[in-house]
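In what follows, a structure is listed as structure tokens, so that the remarks can point back to it.
The values are calculated or read from the model by the stated rules, or taken from the named source; none is laboratory data. These numbers come from a predicted model, not from an experiment. Glycine also receives a Cβ, built like all others from the backbone with ideal geometry; neighbour counts cover every protein chain displayed. Ligands, DNA and RNA are stripped out before the accessible areas are found, and what is left, the full protein with its side chains, is counted by its heavy atoms. Shrake-Rupley method; radii C 1.70, N 1.55, O 1.52, S 1.80 Å.
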Amino acid sequence: MTSANQPAKQDGANSLAVGDDASDSPCIGVCTTLYDEICQGCGRTLGEVSNWVFFSQEEKEVVWKRIRADGTAMRFQRQNKEGT
């Protein structure tokens, strides 16, 4: 429990703003799926997005590995620009 003077710690709180890797979810709040079933913001399929909260940690890691390897989602473009 936190006191009134101290905000609760929020791990991954900047994930939507910067697309960091500290978040449980790859979501960056830019949800768009034009002409296919892959979100251009995070790189997940529509099924992965809608079922993410039900995935085991192992299932999430498989998705993270795939979208990192692909690297085309806006999430990774943001990280590349910020790291340059």
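Descriptive notes on the structure:
- Other residues whose C-beta falls under 15 angstrom from the C-beta of Phe55 contribute a net charge of -1, scoring Lys and Arg +1 and Asp and Glu -1.
- By accessible area, using a 1.4 Å probe on protein heavy atoms only, the stretch 27-82 has 56% of its surface on carbon and sulfur.
- Using a simple spin-label model with pseudo-atoms 7 Å out from Cα toward Cβ, Glu61 and Cys31 lie 2.8 nm apart.
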